[in-house]
1. With the cut-off at 19 Å, report for the range 70-136 the share of all Cα pairs above it, as a whole percent.
2. To the nearest 0.05, what FRET efficiency results for Asp169 and Val452 with a Förster distance of 56 Å applied to their C-beta separation?
3. Leaving ligands and nucleic acids out of the surface, order Lys62, Lys89, Lys475, Lys250 by accessible area at 1.4 Å, largest first.
4. Cross-link list Lys144/Lys332; Lys144/Lys286; Lys29/Lys226; Lys332/Lys368; Lys145/Lys212: which exceed 30 angstrom alpha carbon to alpha carbon?
5. On the first, second and third principal axes, largest extent first, how far apart are the outermost C-alpha atoms of the range 1-157 in Å?
6. Please list, in order along the range 23-39, the HN-Hα scalar couplings obtained from phi with the Karplus expression 6.51 cos²θ - 1.76 cosθ + 1.60 (θ = phi - 60°), rounded to whole Hz, x for Gly and Pro.
7. Give me a comma-separated list of calculated 3J(HN,Hα) values for the range 184-198, in order, Karplus coefficients 6.51, -1.76, 1.60 applied at θ = phi - 60°, integers in Hz, x for any Gly or Pro.
8. What shape does the range 253-338 have by the C-alpha gyration tensor, where a ≥ b ≥ c are the square roots of the eigenvalues, rounded means a/c under 1.5, and otherwise prolate means a/b greater than b/c and oblate the rest?
Amino acid sequence: MMNDLGKKTDGLPEKMKRFPMVLCRKIWKVGQDDPRRAIHALKVGFSLTLVSLLYLMEPLFKGVGQNAIWAVMTVVVVLEFTAGATLCKGLNRGFGTLLAASLAFFFEFIAREYGKVFRAVFIGASIFLIGALTTYLRFFPNIKKNYDYGVLIFLLTFNLITVSSYRVDDILKLAQGRIYTIAIGSGVCILMSLFIFPNWSGEDLHNSTVSKIEGLARSIEACVVKYFNDEEPDLEIDETTEDPIYNNYKAVLDSKSTDETLARHASWEPRHSWHCHKFPWQQYVKLGGVLRHFGYAIVALHGSLQTEIRTPRSVRLLFKEPCIRLVSEVTKALMELADSIRNRRHCSPEILTDHLHRALQDLDTALKSQPRLFLGPNSPNNTAKMLAVVAATARQKSEKHLSGLKTDSPRFLDRISEGERRVLRPTLSKLAITSLEFSEALPFAAFVALLVESVARLDVVIEEVEELGRVACFKEFKHGGNDDDVILNVDRRRSTEINLPNSAGAE
């Protein structure tokens, strides 16, 4: 044990020497991946310094007093990475505070006319009623999605002011002080988000949609190329190494919550682009669902690379050219869709219809030219005979295995069924499947079926992109322009990383 501890501590001085350099590299990489992060950090620091002047400057402190701390806390909680998230939180916090202070002041005005005992009972009853109703209101889907933070701030502010009113004489000054400071903090956050290097949730959603389509294009092309080029697919799944195919479509499959969050924040943002009359955030969410549906077909294609039953390379090479051509046209179509969304223009009609249709026809012709490969001579009779032989063999082994066992108790019945499973399972998997004449062609048939299915799902993606262009008022496609060149080599393009709001508390 001491030796192990000594080995671990031997390299500690060297690690400590390298730590500052490693830390600086990580800090630099985070800013290099997205320079907006450094700008956002500077904006937060400047905003906090600005609202801290309410404490640091004597004239401002005399006007605001100890309530200035609420402005600082508001900036910490409200100022998010994108303008939409900041607007959502800032307006929710402002209106929630204003409504709660007004309601608390109204209840205090009613209870002030009676005795102290009645005030205590009335305050307790109002806290119970408002707390129960507000909490129940948070379960409504629309409220939960858009106004949950505002409702939470309303409940918190109402309780603080109402309870404090029992011991404080001037409740109006208390409510006004909190409203003013929160309004100052929210105003600073909103101004910084909208006018100082703004980051728009709508733009992030737009760019992430483009990145997802490009990732799907890279994934499906890599799947088909690897299927036809690999001599023997590797069945060993190494979780320590990164699979680029998996990483590309994983970003699409895991994008549902991110798309919905960005779309919700985009709905709070004003129009920020001259390219469209409005931001169709609902259509982007719908397109994201269609892309995930398309991604499931790529997941199945990726799984075909690790099948237990393998089609010989000689058989795969017979259909390599039409399959490669088909996936090339699918990739071109996806890249054209991504390019059209990026440039906010409609798609090229030729690249999405004619060439893809011809590639499908060529694949169909190639499959029809080899009918015996998939059916085999007299395959129904041979298959029936083989299955009958397998069943008879399994039955004889089962009877011989169970002849010496007593079957009086339920435990032995369980053993019998378990023994039968031990006999039948390897028999069926090794004899029946591998003895069929067309068994080696089945994995390739499944692969082609999934490839054709992806083409069918591509039509749905095209329809949704065209609908997005119609709703967002994309510009018309022009032949011979600079936008009609489809870029296929996008391996070096860095995927867009989405910065979502943190899960900070109410205060």
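The values are calculated or read from the model by the stated rules, or taken from the named source; none is laboratory data. These numbers were taken from a predicted model, which means no experiment stands behind them. Here the Cβ is made from the backbone with ideal geometry for all residues, glycine too, and neighbour counts use every protein chain on show. Surface areas here come from the heavy atoms of the whole protein model, side chains and all, with no ligands, DNA or RNA. Shrake-Rupley method; radii C 1.70, N 1.55, O 1.52, S 1.80 Å.
1. 51
2. So the FRET efficiency works out to roughly 0.10.
3. I get Lys62, Lys475, Lys250, Lys89, largest accessible area first.
4. On the way: Lys144/Lys332 41 Å; Lys144/Lys286 20 Å; Lys29/Lys226 32 Å; Lys332/Lys368 26 Å; Lys145/Lys212 25 Å.
Violating the 30 Å Cα-Cα cut-off are Lys144/Lys332; Lys29/Lys226.
5. Projected onto its principal axes, the Cα set of the range 1-157 covers 77, 48, 34 Å.
6. 5, 5, 5, 5, 4, 5, 5, 4, x, 6, 4, 8, x, 5, 5, 5, 5
7. Going residue by residue, I get 5, x, 5, x, 4, 4, 5, 5, 5, 6, 8, 10, 10, 6, x Hz, with x marking Gly and Pro.
8. In terms of gyration-tensor shape, oblate.
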